[in-house]
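First up is the structure itself, then whatever we jot down about it.
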Amino acid sequence: MRKHLRWPGAVAVALSAAVLVPLTGAAAPTPGPAGTAIAAADPGSAPWAQVPRDQVAAQCGLDPVLLDRANAALPSIPFTIVRYGKLCWVNRPADTTSTYHVASVTKTFAATLFGMISQRSSTLEDTDPVREWLSGWEAGLINPQATLAHVLAMTSAKLNLATDRKGAWIYDALGLVEIDRLITVMNRAIQREPAAFPGVTNVQQFAQRYLFDVLGMRDSNWGGSSIAYSLNSTTQDLSRLGLLLMQKGTWQGTRLLEEKFVYRMTHPAFEDTNTGYGYLTQMNAYQGWTYSSGTNDTACSPYSTWPRHPHAPFDATTHNYNGTPYTDERHDIGLAWAAGVGGQRVSLHRGLDLVITVRDDSTNEGHKRVWNAMRPALVALDPRYAGDEAGFCAAYQRSQYAPTLRFPWSANASR
């Protein structure tokens with residue numbers, strides 16, 4: 001377990017629900033299309049203020065006429081587009097503000113909770129052995145040698161955890177095999193250090209006070225019984241969760257979870273069993289991937305890969321198992337997404353400062369279908385490839401182009 005204290009008791013008690021670890025400085029404004037200055041922002045806990053249509057081009061770098069065509073192409077699919085921290089576009093507004101069961105998007109929500117609790121705790125780390133937190137009978141089918149990172153990557157129930165010995169990746173759809181054990185772990189972390197978690201005694205209360213309330217997710221609720229599928233939310237609320245991850249775990253200039261944890265969420269955890277899965281989150285991979293639903297994007301989305309192998313926290317893998325075919329990536333911007341059955345998606349395009357949230361895409365390809373439909377509106381105003389979608393995709397897919405990378409990873413994120 002962690003041997004240093006980040007939340008001394010006397011200090012933690014004085015903290016409010018919304019005040020955690022202040023950042024040293026706010027992000028600088030990012031140049032927008034045609035030299036427009038676009039201020040970095042997120043909505044805090046306030047309701048979304050949608051960008052007026054006549055400002056979408058200037059504030060979001062998106063052509064509203066071409067976005068109208070995206071709406072027309074997908075008339076039955078509710079989706080939202082957030083760019084530069086702003087709610088830029090909505091298809092089917094009533095359906096993006098109504099609460100629904102988001103299925104396995106809950107898993108990425110749960111990984112976020114784990115990272116936030118670890119941020120506050122002086123003892124909880126993803127590298128902890130499972131047996132430091134769970135007894136043998138509580139761990140069930142989890143390998144006695146597993147760490148919490150293995151649980152977060154749905155790899156802890158393997159009989160052999162050695163590199164190239166894990167075998168095929170198996171999706172813990174209902175959480176019964178391994179991942180729901182993390183609820184007990186998080187509850188114990190909270191109960192061991194009450195001074196670090198003022199006002200809450202369990203992870204359900206923590207989710208309400210320190211995530212939903214802070215991010216302004218007013219129409220979201222979670223019963224606390226499972227982290228596999230039981231979150232209820234809205235498309236617009238989930239956009240806030242996606243934006244938190246886009247901003248590397250910060251909100252309103254405050255750090256809610258460590259950057260390195262967000263990095264591990266959105267990069268493959270154990271490539272020898274799945275190149276397309278990190279901590280309860282899916283990502284674009286070229287080969288060697290297994291997804292709960294949907295497929296990869298080989299046309300116009302970059303691949304997620306670590307810059308060096310072996311990589312943190314303890315994987316012995318020395319190569320990426322062809323998770324990407326390229327060796328000349330200029331930017332670390334791989335597409336990552338939360339996925340739920342029935343076409344629930346929250347997609348993160350880091351290099352474009354873009355969060356796309358989709359509801360009820362029956363094809364389960366919302367991370368591609370909505371991206372394909374709205375992309376012409378983005379490319380039309382792109383500073384380099386204006387109107388040249390083929391050129392844009394060729395560069396973006398190879399991670400060679402990131403025109404609006406507002407939140408690049410720090411040098412320590414991948415360590």
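General remarks:
- Proximal charge balance of Gly61 [Cβ under 13 Å; K/R count +1, D/E count -1]: +2
- Per residue, the chain exposes 36 Å² of accessible surface when a 1.4 Å probe is rolled over the protein heavy atoms with every protein chain present.
- Across Lys260/Lys368; Lys166/Lys248; Lys107/Lys260, pairs whose alpha-carbon gap is larger than 21 Å: Lys260/Lys368; Lys166/Lys248
- For the stretch 258-303, the convex hull spanned by the alpha carbon atoms encloses 69 Å³ per residue.
- Ligands, DNA and RNA left out, the accessible area of the stretch 79-204 computed with a 1.4 Å probe is 57% carbon and sulfur.
- Residue-averaged 222 nm ellipticity for the chain, from DSSP H runs of 4+ at -39500 (n - 2.57), nearest 500: -7000 deg cm²/dmol
- Full-stretch length increase - Ala411, Tyr171 - with 0.36 nm per residue and alpha-carbon distance subtracted: 83.2 nm
- Kyte-Doolittle mean at least 0.5, axial Cα span of 20 Å or more - DSSP H helices of the chain: 105-120
- Ranked by how many other beta carbons lie within 10 Å on average, peptides 85-95, 352-362 from highest: 352-362, 85-95
- Long-range amide H partners of Asn143 with built H, under 5 Å: Ala157, Lys158
- Net charge dipole size for the stretch 172-280 [Lys, Arg +1 and Asp, Glu -1 on Cβ; Debye, nearest 20]: 360
The values are calculated or read from the model by the stated rules, or taken from the named source; none is laboratory data. Just so we're clear, the structure is a prediction, and the values are computed from it rather than from any experiment. A quick note on method: Cβ atoms are made from the backbone with ideal geometry, for glycine too, and the neighbour counts reach across all protein chains shown. Calculation scope for accessible area: heavy atoms of the full protein, side chains included, ligands and nucleic acids excluded. Shrake-Rupley method; radii C 1.70, N 1.55, O 1.52, S 1.80 Å.
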